[in-house]
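I have placed the structure first, in the form of structure tokens, so that the comments after it can refer back to it.
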Amino acid sequence: MIALVVLALILRTIGVLDTNSTFDKLAGYVAFMFAALGIYLFLNAADTATGGRGLPLGPVLRR
């Protein structure tokens, strides 16, 4: 999750310095990705905290 935030900031910085809209769009897509991941992890924690089984995280997110 933190890596996606850093990647979005790097892409945004490159987009500003190069005045290239492609990097700005990529930074926006990456920002949506880490926002969606954050919501998913929050819902998993909320479901687990209320006694549920939680959402399937898969092997990649368990690391």
Counting all C-alpha pairs of the chain, share separated by more than 14 Å (%): 63 percent
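Before rounding to the nearest 500, sum -39500 (n - 2.57) across all DSSP H runs of length at least 4 in the chain and divide by the residue total; then give [θ] at 222 nm in deg cm²/dmol. If you can, show how the numbers build up before the last one.
Details: 3 runs with 50 residues, N = 63.
The helix contribution divided over the chain gives -26500 deg cm²/dmol.
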Nearest 10 degrees, 0 to 90: helix 2-18 Cα axis against the chain principal axis: 10 degrees
Where labels lie 7 Å past Cα in the beta-carbon direction, separation of Ile14 and Leu57 in nm: 3.0 nm
Degrees between helix 21-49 axis and first principal axis of the chain (Cα, 0 to 90, nearest 10): 10 degrees
Selection from Met1, Thr22, Asn44, by position along the positive dipole direction of the chain (Cβ): Asn44
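Values quoted throughout were computed directly from the atomic coordinates according to the rules given, and no laboratory measurement underlies them. Since this is a predicted model, take the numbers as computed values, not measurements. Every residue, glycine among them, receives a Cβ derived from its backbone with ideal geometry; neighbour counts consider all protein chains shown.
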